[in-house]
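Novice: My questions will all concern the structure given below.
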Amino acid sequence: MSLKKVNPEQPKNFEFSSNYKKIAEEILKKYPNENKKSAVMPFLYLAQKQNSNWIPLAAIKYISKYLSMPYINVYEVATFYSMFNLSPVGKYFLQVCTTTPCLIRGADKIVKVCKQKISEKENHLTKNGECSWAEVECLGACVNAPMMQINEDYYEDLDEKSTVKIIDSILNNKILKPGSYRGRKNTSPENEKKINGNDYA
Amino acid sequence: MPKININGKEIDFETGMTVLQACELAKVEIPRFCYHERLSIAGNCRMCLVEMEKSPKPIASCAMPAVEGMKIKTNSELVEKARKGVMEFLLANHPLDCPVCDQGGECDLQDQSLYYGVDKSRFSENKRSVSEKYMGPLIKTQMTRCIHCTRCVRFSTEVAGVPEIGAIGRGENMEITTYLEKSMDSELSGNVIDLCPVGALTSKPYAFSARPWELKKTESIDVLDAVGSNIRVDTYGWEVKRILPRLNEDINEEWISDKTRYSCDGLLKQRIDSPYIKKENKLIKSSWEDALDTIIKKFKETDPNQIAGHIGDLVNLETTFAFKKFFEEIGSQNLEFREKPFYINPEDKMNYLFNSSINGIEESDLILLVGSNPRHEATILNARIRKAFRNNKTPIFSIGDPGDQTYDFKILGNSTQTIKEIIEEKHEFNKILNNSKKPLIIIGESALELESGGYIFEELKNFLIKKELINDKWNALNILVQNASTVGALDFKIINKDQSNSNFFKNIKNKKFKILYLLGSDNLKFDKNEEFVIYQGSHGDRGAEMADVILPSPAYTEENGLYQNLEGRVQECRKASYPAGEAIENWKILNKLNYLYKNKNLFTSYNSLKEEVLKNIVNFKDINKLPKFKEPSKKINNIFKNEKIHLSHIDYYFSNSISRSSKVMSECRSIKIKTLKSGTNN
């Protein structure tokens, strides 16, 4: 589960940056004016993206005024979906999939690395406050298990070594390339390169 | 009419009904938690499952529309099993704390688990627990008991119009709360306690003070505003423990305002328990004989024209009538009921009534507020306006800015000029008005207080007569009075006015009166000088503060009395408890005074008084009925002045002496003041 406790320390103001405001206006155009509150989820997502992966209360207030909705309704949506964070999770938010297929393929080892490198408990920030990790349910990439998600990217076919490498580099503010860490192209088969006589490599 | 088969019985139903409603027609009881007649359908408790032919699974009857030819079974084994299953799931996380729960004895969950549930639990895991939520000084929460029926959420968004309660989280982590645990900013918030089918939301002031089966229940009416909501007064011995709404489709449906519900602790505080006489600037406890003698002595040495009487906001018809009779005996005409000078013309009964009736609000297709703030002047009536706004999309306009009314409305203007333009048919609004078949114009006291109050009222009336909007089928003219005693006082012409409408107030200002008899009157503002002030009432409030003699009398829950609400409906307020200390019923005090003064009784018995009162009510039809319609008379009033319509601030939680004595009301008021100061609720 993601963090659903509202952070005690809250920024006073929130407003979309000019860039995000443009995107927000584009999103609004998709809905008729009387149903503009339909835009609440993309707006919350934008706010989360702008505010380093978490939604402050000021943003909830800002969005509810933007869409003329009661505060509580935006708050309900924000607490309902596990992908909205209401407390800081750091600039780099690692979500390690620990559902059955990933677990069978060794997700527990990735969790162990996270515990060593980032924080002993999940949802706790590193000392510099830039990174945290959480166990999540299936992220839908079972074919590349085990895997984890960092912000919006999937890092797949992991083992202990590659995970250490990825985490070490993000702790040094360097982002590695997402995708398979065993040299696979997307989800293509690894050893059986020929299927029915066709070369899929 | 389409037919539906319920348990083998053919029943006619109306199109648009749900299966549950059809079952009710067939007098079959369906257990339910989330379904409520006056709220939208949620269908989330699953308690109302019934068996439908050709459906493999049981269906939720509250959400299933009834259709011609449906065959429903409510007593089959499948239904019984389904109910048991649902009940078991609901109870899985519900604590077994009925012995310490305030809902015990009137709990839907308790009752229904007795009839439809299983007697054992198979749930051996840990129960979930939810932290308590703060919801203000009126609502006590125990959210572990919540079964997530969402009635409170729907009530706050739909009926109260303040969407502040919501369900956060999901699944097992779902919790009902107000946004960031702020108190609910509504005058109707107390109703969520009645709606809650379990003990999750209970009354904070009533917490742990009584059990429902040990209370004496008296059906009565509320007099703290002019709506006359029907209430049930629950008493334990002398104390009024709580006040609950009583169903009356014509007035309050099943809601009451927070003031009505929670002022009852004021009935126990600040009570006047014996007569007092002021000696050397100190009020000294005295006997009835001494107090009455002092008054009579004073009366005898004063010129009747210098004796004045003022009737308070909570006085019933009998007392008003007896007061008038008593003043006739004395030979004084200086009687008044208004707290501030405002224009009123008591010649026609329709001149001071809400003529369209509260039910009429829902029929109306256009509402115009003229200098009135119904949210604070008549909360329950405002809930009806909101209902019309929500269900019929009735357009609402206002002249003068009343602030947030829980629905959208358009302000046409802020000055009397706008009204003049409408009367002269020069305003854009006239087009809308001409297209409307059943418009409703609500004139508030704030508009009548203006110098052009007479113009606003008489000319608007003439305008409506011209437009044929005042007849026995539809009467668009509505006056929103604020006090329970107003309509009765006007029926008995307790009004002292001249051309300028403010005779009484001028005289009081110019110190013309030597004796001022305040009958339960606490809201009259004047500077006391030489006057001899007699206060007769129940609470030691503003009136008693400046009195020279105080006569204790019962509060509205302590004597039988008739009241006329703002529609002119005569209702009976019944005695639920006993007056404090040595207090004597109001009419008996006046009877005694008259006996001492003139050596004769005003009335021989309460019944003879009541009979005479009913005879003297203008256009009276019957108790609990609206008055008869009489053709309106015309009057011209041309004194017009272009003025700004300023809506006077209403201290909602502090509007009468009982509420002012109530601790709960003062808590509500301080929270309201805090939010007003910070400018926002969040």
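None of the figures in this text is laboratory data; all of them are computed from the coordinates on show. Remember, predicted model here, so these are calculated numbers, not experimental data. So basically every Cβ, Gly included, is an ideal-geometry build from the backbone, and we count neighbours across all protein chains shown.
Novice: Starting at the first residue of the range B:255-266, write each ³J(HN,Hα) from the Karplus equation 6.51 cos²θ - 1.76 cosθ + 1.60 with θ = phi - 60°, in whole Hz, x for Gly and Pro.
Specialist: Karplus-based 3J(HN,Hα) across the range B:255-266 equals 10, 9, 7, 5, 5, 4, 6, 10, 6, 5, 6, x Hz.
Novice: Right, something else. List the lysines whose Cα sits under 16 Å from the Cα of A:Lys30, skipping any in the same chain fewer than 8 residues away.
Specialist: A:Lys21, A:Lys22
Novice: Straight-line reach from B:Lys625: which aspartates and glutamates have Cα under 14 Å away, leaving out those fewer than 8 places along the same chain?
Specialist: Correct list for B:Lys625: B:Glu249, B:Asp250, B:Glu567, B:Glu572.
Novice: Another one. Using a 10 Å cut-off around each Cβ of peptide A:69-75, what is the average number of partner chain Cβ atoms that fall inside?
Specialist: 6
Novice: Also: Based on alpha-carbon centroids, what's the gap between the range A:166-181 and the range B:333-408 in Å, whole number please?
Specialist: Value for the Cα centre distance between the two parts: 67 Å.
Novice: Here is a further query. Compute the length gained on full extension between B:Trp213 and B:Lys279: take 0.36 nm times their separation in residues and subtract their Cα-Cα distance, giving the result in nm to one decimal.
Specialist: Full-extension gain reported as 19.0 nm.
Novice: Counting Lys and Arg as +1 and Asp and Glu as -1, what is the net charge of the other residues whose Cβ lies under 13 Å from the Cβ of B:Glu77?
Specialist: +2
Novice: Pulled fully out, how much extra length does the chain show between A:Met83 and A:Lys185, if you take 0.36 nm times their separation in residues and subtract their Cα-Cα distance?
Specialist: 34.0 nm
Novice: Pairs of Cα atoms under 8 Å, at least six residues apart: use those to get the relative contact order of chain B, whole percent.
Specialist: Normalised by residue count, the contact order of chain B is 14 percent.
Novice: Name the shape class, rounded, prolate or oblate, that the alpha-carbon gyration tensor gives for the range A:18-80, where a ≥ b ≥ c are the square roots of its eigenvalues, rounded holds for a/c under 1.5, and otherwise prolate holds if a/b is larger than b/c and oblate otherwise.
Specialist: Since a/c reaches 1.5 but b/c is at least a/b, the shape of the range A:18-80 is classed as oblate.
Novice: Please report the relative contact order for the range A:18-80, taking Cα pairs under 8 Å with a sequence separation of at least 6, and give it as a percent rounded to a whole number.
Specialist: Averaging sequence separation for qualifying contacts and normalising by length gives 28 percent for the range A:18-80.
Novice: While we're on this one: Roughly how crowded by other chains is peptide B:152-162, in terms of the mean Cβ count from those chains within 10 Å of each of its Cβ atoms?
Specialist: Mean partner shielding for this stretch: 1.
Novice: Still on this model: Grab the other residues whose beta carbon is less than 13 angstrom from that of B:Lys420, score K and R as +1, D and E as -1, and report the net.
Specialist: -4
Novice: If R₀ is 51 angstrom, what is the calculated FRET efficiency for the pair A:Glu130 and B:Thr675, using the beta carbon separation as r and rounding to 0.05?
Specialist: 0.85
Novice: How far, in nm, would the chain grow between B:Lys615 and B:Asp527 when pulled straight, counting 0.36 nm per residue and subtracting the alpha carbon separation?
Specialist: Answer, rounded to one decimal: 27.9 nm.
Novice: Out of the DSSP beta bridges found with both residues in the protein assembly as shown, what percent are antiparallel (nearest 5)?
Specialist: Antiparallel: roughly 55 percent of the beta bridges in the protein assembly as shown.
Novice: In chain A, what % of DSSP beta bridges are antiparallel (nearest 5)?
Specialist: Of the beta bridges lying entirely in chain A, close to 50 percent run antiparallel.
Novice: Sticking with this structure for a sec: Got a sec? How would B:Tyr134, B:Tyr352, B:Tyr115 order by Cβ neighbour count within 10 Å, fewest to most?
Specialist: B:Tyr115, B:Tyr134, B:Tyr352
Novice: Specify the inter-centroid distance of the range B:36-109 and the range B:438-456, based on alpha-carbon positions, in whole Å.
Specialist: That distance is 50 Å.
Novice: A further question follows. Post the alpha-carbon centroid distance, the range B:569-590 to the range B:125-163, in whole angstrom.
Specialist: After rounding, the separation between the Cα centres reads 38 Å.
Novice: Once you keep just the Cα pairs under 8 angstrom separated by 6 or more residues, what percentage relative contact order results for the range B:284-339?
Specialist: 42
Novice: Would you mind checking the range B:307-321 for residues with the amide N under 19 Å from a putative spin-label position 7 Å along Cα→C-beta of B:Lys506?
Specialist: B:307-309
Novice: Please report how many Lys pairs in the range A:42-145 have alpha carbons closer than 22 angstrom, counting only residues at least 8 apart along the chain or sitting on separate chains.
Specialist: Within the range A:42-145, the lysine pair count is 15.
Novice: Turning to a different aspect of this structure: Treating the beta-carbon of each Lys and Arg as +1 and of each Asp and Glu as -1, no other charges, what is the dipole magnitude of the range A:18-80 about its Cα centre, to the nearest 20 debye?
Specialist: 160
Novice: Then there's this: State which entries of A:Lys36/B:Lys140; B:Lys140/B:Lys677; B:Lys438/B:Lys641 exceed 32 angstrom in Cα-Cα distance in the structure shown.
Specialist: A:Lys36/B:Lys140
Novice: Taking a threshold of 32 Å on the Cα-Cα distance, which of the pairs B:Lys493/B:Lys514; B:Lys610/B:Lys672; B:Lys9/B:Lys393; B:Lys259/B:Lys473; B:Lys204/B:Lys628 fall above it?
Specialist: Violating the 32 Å Cα-Cα cut-off are B:Lys610/B:Lys672; B:Lys9/B:Lys393; B:Lys259/B:Lys473; B:Lys204/B:Lys628.
Novice: Using packing as a proxy for protection, rank B:512-519, B:22-29 so that the peptide with the highest average count of other Cβ atoms within 10 Å comes first.
Specialist: In descending order of packing, they fall as B:512-519, B:22-29.
Novice: For B:Leu368, what residues show an amide H to amide H distance below 5 Å, using hydrogens built from the backbone and excluding near sequence neighbours?
Specialist: Those lying under 5 Å, H to H, from B:Leu368 are B:Phe397, B:Leu440, B:Ile441, B:Ile442.
Novice: Neighbour counts of other C-beta atoms within 10 Å: give me B:Trp213, B:Trp238, A:Trp133 arranged from fewest to most.
Specialist: The order, fewest Cβ neighbours first, is B:Trp213, B:Trp238, A:Trp133.
Novice: Can you pull the mean other chain C-beta count within 10 Å for peptide A:51-64?
Specialist: 1
Novice: Then there's this: For chain B, what does the helix formula give at 222 nm: sum of -39500 (n - 2.57) over DSSP H segments with n ≥ 4, over the residue count, nearest 500 deg cm²/dmol?
Specialist: For chain B, the value works out to -7500 deg cm²/dmol.
Novice: Within the set of other residues whose C-beta is less than 12 Å from the C-beta of B:Glu667, count the net charge using Lys and Arg as +1 and Asp and Glu as -1.
Specialist: Every neighbour counted, the sum reads +3.
Novice: Do the sum for chain A: with -39,500 (n - 2.57) for every DSSP H run of n ≥ 4, divided by all residues, what is the mean residue ellipticity at 222 nm, to the nearest 500 deg cm²/dmol?
Specialist: Value at 222 nm, helices only, nearest 500: -10000 deg cm²/dmol.
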